[in-house]
Amino acid sequence: MALDVARLKNDFPIFARTVRDGKPLIYLDSGATSQKPRLVLDAERNFYEQHNAAAHRGAHQLAEEATEAYEDARSKVAKFIGAADNEIIFTKSATESINLVAYALSNSNFTDAKRFHIGPEHEILVSEMEHHANLIPWQELAKRTGAKLRWIPLTDEGRLDLSNIDSLITSSTKMVALTHQSNVLGTINPIAGIAKLVHDRGALFLVDACQSVPHQSVDVKALDVDFLVFSGHKMLGPTGVGVLYGRAELLDEMPPFLTGGSMIEEVHMESATYARAPQRFEAGVPNMAQAVGLAAAIEYLERVGMDQVQEHEELLVNHAIDGLLGISKVRIIGPFGGIHRSGAVSFTIDDIHPHDLGQVLDDLGIAVRVGHHCAWPLMRRFGISGTTRATFYLYNSISDVDALIAGVEATKKFFKVA
Amino acid sequence: MDLQALYQEIILDHYKRPSHRGLHEPFDIEVHHVNPTCGDEITLRLSLDGERITNLSWEGMGCSISQASTSVMTTLVDAKTVDEFSITSDSFLALMHGKGTVVPDEEILEDGVAFSGVAKYPARIKCALLGWMALKDALVQLIDSKSTDAKIISIVPDRSRDER
């Protein structure tokens, strides 16, 4: 059943405004950040207006309510991805979530948590399609520990080239960190299949789910991953809240990253012991209002239905791909044609730089992302400096896609490219 | 329409038929600058013959604004003295950071006035300045390596605003 986009759009106050001299906003940049429904904004405001106090502290009623609101948000997130409550850690962003794990690994070298020890005898495996957020923390971990960074190459179509995967995941591999869905190519990676291989070799598996959790139903147990990260703001929630899922038995052993208040058990002048997960990984007064806002976003998504969201986006992206392929000199970067893919499509046009295309589209009220999309090595792999990327979400309609296609045609005319 | 004002014919002409493009020898210095937000790149070569900028050549990859701006710059400053470059460059920078309120000096900027429309698009100012920052940087390095001189101060790149 198709989504009633016109009705959904009414839930998002931003679509009431216009851009660039009175044009309606056609927002095709949800891969960067999504817009927020009123429900989420109200939930955040309500927390501040009615329940604001420091969670897990204080002996008063508001502190109890704030704690309850924050922990209810944790439960909501946990259920949404098939995890247990104590497997969910709130961070400020998915980037922080990945750094938390990377630093926990190097920090473990000074503890008894052998499971996480990492040194020059180990390897870290990523892929060529990673967002910088799932590349640079591992580059840095490799530098700190002497471990070797390796990566899975890509096929020309824009998929993981798994032909040599047996030689890439070995008994030396400590950590495999892969994206679930590429933020550029729209590729959906076969995570569950890779997970089996990773665990057979005794390595840890972290999945960057920033582009999947907002757009499809994700179950961490079905994927069988050790860690999974995503951010709130890409899934209708507020900025300033990210999530780290970690398997309970791993989190129990893992040393902390950020230290300070509320992550402790007992503190002396020269030493301290730490709380159990998830508190051990949440130093400082937490981002309560943002967590509550994220829970409201999940409620909204569940009401619409994640399968409906995915189906809707697939419809839009296939329509976009068909339209773009009908325009001469357009090249789609990423796999397409009778396959499952995400609602992100990247493309280039001969003789028009993405930044110039984005500028003309902007003049028409169409917001797209241009450039390297924080995936510079991926751009190099395809021998390009950047792409134009349209990403779709539940509030986009077929007419938004048609506007994009017409906008691309108009841009070619503007720059006199035949 | 602002878009027409942004993409003036002069800019599109320089984009299609850039001046001084294609790296040449000899040169005293080569610099490579990138715009980290979009990945645009410029490689610039030049020599200093006393006070005079010579052997200017460049190669680049990027949007029409960054490539055309570099092309216009090379036509403006080739064979000029470092002091003359500073005057031109200061004038161009003032225009770019003027939020559309600065009236460009056509005597100094010539084809460079075509970039007036860029000042209204904050995201594009860095594009327009890419080549200019590369040349400033090259001159600073070159002069530093030769002798210290009071002029250096006027050609220190405005890193706080343009090179985040």
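The values are calculated or read from the model by the stated rules, or taken from the named source; none is laboratory data. These figures come from a predicted structure and were not determined experimentally. With ideal geometry, Cβ positions are generated from the backbone for all residues, glycine too; neighbour counts draw on all protein chains shown. Please note that ligands, DNA and RNA were not included when accessible areas were found on the heavy atoms of the full protein model with its side chains. Shrake-Rupley method; radii C 1.70, N 1.55, O 1.52, S 1.80 Å.
Details
- Rounded if a/c under 1.5, otherwise prolate or oblate - the stretch A:324-400, Cα gyration tensor axes: rounded
- Spacing of the two label points (7 Å from each Cα toward its C-beta) at A:Thr33 and B:Ala123, in nm: 1.3
- Of all DSSP bridge pairs formed entirely within the stretch A:74-181, close to 10 percent run antiparallel.
- Counting only Cβ charges, +1 for Lys and Arg and -1 for Asp and Glu, the dipole size of the stretch A:17-118 around its Cα centre is about 460 debye.
- Protein heavy-atom accessible surface, 1.4 Å probe, per residue over chain A: 40 Å².
- Counted charge near A:Ser106, where neighbours are those whose Cβ lies closer than 12 Å (Asp, Glu -1; Lys, Arg +1): +2
- At least 20 Å² of accessible area lost relative to the chain alone, listed for the stretch A:376-418 with a 1.4 Å probe: A:Trp376, A:Ser385, A:Phe414, A:Phe415, A:Lys416
- If R0 is taken as 25 Å, the Cβ-Cβ distance between A:Asp112 and A:Thr259 corresponds to a FRET efficiency of 0.90.
- Interface residues, the stretch A:340-357 - accessible area loss of 30 Å² or more versus chain alone, probe 1.4 Å: A:His353, A:His355, A:Asp356
- Area hidden from solvent between A and B (accessible, protein heavy atoms only, 1.4 Å, total, Å²): 1600
- Between helix A:94-108 and chain A: long-axis angle, C-alpha atoms, 0 to 90°, nearest 10: 40
- Helix A:191-200 axis, angle to chain A major axis (alpha carbon atoms, nearest 10°): 30
- Using C-alpha pairs under 8 Å with a sequence gap of at least 6, the mean separation divided by the residue count of the stretch A:44-111 gives a relative contact order of 16 percent.
- In this rough spin-label picture, where each label sits 7 Å from Cα along the Cβ direction, the B:Glu25-A:Ile327 distance is 4.3 nm.
- Full extension of the chain segment joining A:Glu49 with A:Ala406 gains 124.0 nm, where the gain is 0.36 nm per residue of separation less the Cα-Cα distance.
- Within the same chain, aspartates and glutamates fewer than 8 places from A:Lys9 are excluded, and of the rest, those with a Cα less than 14 Å from its Cα are A:Asp400.
- Taking the protein heavy atoms of the stretch A:277-398 in the context of the full set of protein chains, the accessible area attributed to carbon and sulfur is 50 percent at 1.4 Å.
- Of all beta bridges that DSSP places with both ends in the stretch A:41-301, some 45 percent have antiparallel geometry.
- Structural descriptor for the stretch B:1-72: relative contact order 36 percent, calculated from alpha carbon pairs under 8 angstrom and at least 6 residues apart.
- For the protein assembly as shown, share of DSSP beta bridges that run antiparallel, in % to the nearest 5: 70
- Taking a ≥ b ≥ c as the square roots of the eigenvalues of the Cα gyration tensor, the protein assembly as shown is prolate, since a/c reaches 1.5 or more and a/b is larger than b/c.
- Stretch gain in nm, segment A:His199-A:Lys148, where the contour uses 0.36 nm per residue and the Cα spacing is subtracted: 16.5 nm
- Among A:Gly383, A:His373, A:Leu41 - extreme Cα towards positive end, dipole of chain A, charges at beta-carbon: A:Gly383
- Once the Cβ-Cβ distance of A:Thr18 and A:Ala59 is raised to the sixth power relative to R0 = 56 Å, the FRET efficiency obtained is 0.65.
- Of A:Val345, A:Val370, the residue with the largest accessible area leads and the full order is A:Val370, A:Val345 (1.4 Å probe).
- Distance in nm between pseudo-label sites at B:Asp49 and A:Asp4 (7 Å out along the Cβ direction from Cα): 7.6
- Remark: relative contact order (the stretch A:41-301) = 25 percent; criterion is Cα-Cα distance under 8 angstrom and separation of 6 or more residues.
- Chain A: calculated mean residue ellipticity at 222 nm from DSSP helix runs of at least 4, using -39500 (n - 2.57): -11000 deg cm²/dmol
- Helix axis angle, A:354-363 relative to chain A longest principal axis, alpha carbon, degrees: 70
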